[in-house]
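The values are calculated or read from the model by the stated rules, or taken from the named source; none is laboratory data. These figures come from a predicted structure and were not determined experimentally. Backbone-built Cβ (ideal geometry, glycine too); neighbour counts: all protein chains shown.
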Amino acid sequence: MLDRKVFGRRVSPTVFALFVLAWGACSSSSRPADAPIPGQRIYGADTSEAAVRAFLDAAAADDYPEMWAVFGTAEGPAVEEFGIAETEARMVVLARLLRNNGYEMRVANLASYGPDRVRYEVRMEGTRKGSVVVPVLTVPDDRERWFVEQLDMGSLTSGSC
């Protein structure tokens, strides 16, 4: 039980409660207004390259929450639009298609995608289709967090299985 003393003097429970509330309201926080709350999920990555690497590495580990944490659009993470069940179902399929023995990335921007998007060509070795190139498009949201927005899976899905 809390000791109901304020500045060394015993006070009524009501006065003590008001003091505690006033103390909390007057204290300043060193956390910026847009800083995440401890335990809150942070979506997106700091850079476009980090978003692609996080997505591919999470896919290799079948870590679907880490995949969807960096999968989205300029409006934010896809999981917030589609929900966990639908997003996870998509990540399961993508993770299976993206299985590989290693990858290399290179920036391959095309002007038609606009100034805010960064396009990569990811060369993957040891996929079910052998060595393939998968174009990946990234985009920042309004908080400058980067997301994998599109993957051109044609090289991994075309032809016979």
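Out of the range 110-143, which residues are free of Cβ contacts under 8 Å to residues at least 24 places away in the same chain and within 17 Å of ARG53 (Cα to Cα)? Break it down into steps so the answer makes sense when it comes.
Our first condition is that a residue be free of Cβ contacts under 8 Å to residues at least 24 places away in the same chain; within the range 110-143, this holds for 110-112, 114-115, 119, 121, 123, 130-131, 133.
Passing the criteria: ARG119, GLU121, ARG123, VAL133.
Counting just the residues of the range 44-82 that are of a type in the set (Phe, Trp, Tyr), in contact (Cβ under 8 Å) with a residue 24 or more places away in the chain and assigned to a helix (DSSP H, G or I), which one comes out surrounded by the fewest Cβ atoms within 10 Å (Cβ to Cβ)?
If we filter the range 44-82 for residues that are of a type in the set (Phe, Trp, Tyr), which is where we start, we get 55, 64, 68, 71, 82.
Subset that is in contact (Cβ under 8 Å) with a residue 24 or more places away in the chain: 55, 64, 71.
Now restrict to residues that are assigned to a helix (DSSP H, G or I): 55, 64.
Working: PHE55: 27, TYR64: 21.
It comes out as TYR64.
Kindly indicate which of VAL136, VAL92, VAL122 is within 18 Å of the chain's Cα centre (by Cα), under 20 Å from ALA61 (Cα atoms) and outside any helix (DSSP H, G or I).
Numbers: VAL92 fails: outside any helix (DSSP H, G or I); VAL122 fails: within 18 Å of the chain's Cα centre (by Cα).
Going through VAL136, VAL92, VAL122 in turn, the sole match is VAL136.
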Fill in the blank from the handout: Exactly one of VAL118, VAL139 is surrounded by 15 or more Cβ atoms within 10 Å (Cβ to Cβ) and touching a helix residue (DSSP H, G or I) at 6+ places or on another chain (Cβ under 7 Å), and that residue is VAL118
Fill in the blank from the handout: The correct count of residues that are farther than 11 Å from LEU137 by Cα and not in a strand (DSSP E or B) in the range 104-113 is 2
Exercise for the section: Looking only at the range 84-97, decide whether some residue is acidic (Asp, Glu), modelled with pLDDT of 50 or more and surrounded by 11 or more Cβ atoms within 10 Å (Cβ to Cβ). Expected result: yes
Completion exercise
The lone condition GLY102 fails out of (1) in contact (Cβ under 8 Å) with a residue 24 or more places away in the chain; (2) within 16 Å of the chain's Cα centre (by Cα) is (2)
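Yes or no, residue by residue, for (1) modelled with pLDDT of 60 or more; (2) surrounded by 14 or more Cβ atoms within 10 Å (Cβ to Cβ); (3) not aromatic (Phe, Trp, Tyr):
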{"position": "SER12", "(1), (2), (3)": "no, no, yes"}
{"position": "PHE19", "(1), (2), (3)": "no, yes, no"}
{"position": "GLY24", "(1), (2), (3)": "no, no, yes"}
{"position": "PRO32", "(1), (2), (3)": "no, no, yes"}
{"position": "PRO36", "(1), (2), (3)": "no, no, yes"}
{"position": "ILE42", "(1), (2), (3)": "yes, no, yes"}
